[in-house]
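Here's the structure we're looking at; comments come further down.
Nothing in this text is a laboratory measurement; each read-out follows from the coordinates by a stated rule. Just so we're clear, the structure is a prediction, and the values are computed from it rather than from any experiment. Note that we place each Cβ from the backbone using ideal geometry, even for glycine, and neighbour counts take in every protein chain shown.
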């Protein structure tokens with residue numbers, strides 16, 4: 001079984017509090033006819049702090065798409081290596097052990113992909129395969145895990161490195177004044193994450209089954225309008241209601257695996273907002289405590305897009321992990337409307353047997 005090992009997470013040093021966000025909204029949009037509604041929505045997100053790659057004064061400027069994309073590339077190259085090395089260390093592997101790199105991001109563009117730069121710069125083997133995923137938004141973290149799982153099913157001895165890089169603040173558009181845009185300005189944060197899926201060995205979530213579900217005719221609910229000024233994020237007011245449509249897909253996949261979603265031991269899901277988690281509790285008959293890791297990510301870092309599932313999973317590891325054999329779900333939600341879902345059980349790798357421990361084992365047997 002392929003095992004999703006402990007992720008490595010990093011957030012930028014510039015911190016933006018909810019108080020500062022509300023102050024900016026009041027100052028910059030004092031005459032907005034729906035300012036009161038926007039302020040209430042931002043305050044109700046549950047987000048207390050976010051981290052952004054540039055100081056807020058620079059973030060609020062718009063030097064043009066080209067300049068912003070240069071910032072994206074420079075910051076990605078500056079910040080991604082540390083999480084890559086952290087994830088490799090967590091998995092007990094080196095760069096030469098990786099057979100595929102999956103890179104997910106929806107907040108900047110590079111071609112060749114960041115995967116090529118990583119292979120050339122960090123010493124991965126030239127034959128390392130590359131899979132960039134750019135257009136699944138917040139669902140891409142779950143999709144990356146699923147594609148890594150698929151690869152390890154095809155090549156059982158392979159190891160896959162997943163990298164998620166999201167600088168949502170670089171998508172800020174000062175001319176977008178709809179309530180959905182103002183809410184987004186108070187919700188999204190920046191982060192980078194990495195994790196390894198080992199084909200054999202490793203401690204973490206032993207991946208057993210994965211699936212995807214797209215809700216028909218919801219393509220325009222979450223989308224980008226690509227204009228001269230870059231990516232303009234469009235968020236339909238119906239998005240918070242999507243768990244009513246996606247929860248059955250989670251139940252169906254679990255049932256196909258002879259599991260009951262309500263009886264799982266851990267839930268690692270994308271926290272797009274507080275209602276997503278509240279509705280999952282309701283529709284899946286799950287206690288709110290099950291989403292404590294996802295909710296903590298939302299509170300401390302905001303919606304960090306594809307990085308959310310890795311940040312929430314890291315919190316489970318930091319909390320001591322789960323009991324051997326504990327069953328759980330990992331799910332990312334994003335544009336489409338799409339759900340990417342993984343089912344797996346907690347596994348702990350046996351420590352390597354040293355010469356001394358081999359003699360001890362032999363003595364015990366003898």
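Structure notes:
- Gyration tensor (Cα) of region 129-185, equivalent ellipsoid semi-axes in angstrom: 34, 10, 7
- Cα long-axis angle, helix 308-318 against the chain (0 to 90 degrees, to the nearest 10): 50
- Most fluctuating residue given options 286, 102, 308, as computed from a GNM of the chain linking Cα atoms under 10 Å: 286
- In the chain, the DSSP-assigned H stretches of four residues or longer account for a calculated mean residue ellipticity at 222 nm of -11500 deg cm²/dmol, using -39500 (n - 2.57) per stretch and the full residue count as denominator.
- Coarse-grained scattering of region 3-198 at q = 0.08, 0.14 Å⁻¹, given as base-10 log I(q)/I(0) from a Debye sum over alpha-carbon atoms: -0.31, -0.81
- Radius ratio Rg over Rh of region 204-347, counting only Cα atoms, Kirkwood formula for Rh: 0.98
- Projected area, mean over directions - region 1-57, Cα convex hull, nm²: 6.2
- The rule of thumb for compact globular proteins, 2.2 N^0.38 Å, goes into the C-alpha radius of gyration of the chain 1.00 times.
- Relative to the longest principal axis of the Cα atoms of the chain, the long axis of helix 274-284 makes an angle of roughly 50 degrees.
- Degrees separating the helix 18-28 axis from the principal Cα axis of the chain, which is the longest one: 30
- Relative contact order (percent, whole number), region 1-128, Cα cutoff 8 Å, 6+ residue spacing: 29
- The GNM of the chain, with springs linking C-alpha atoms under 10 angstrom apart, assigns the highest mean-square fluctuation among 84, 309, 18 to 18.
- Backbone N within region 36-60 under 17 Å of label point (7 Å from residue 278 Cα along the Cβ vector): 37-48
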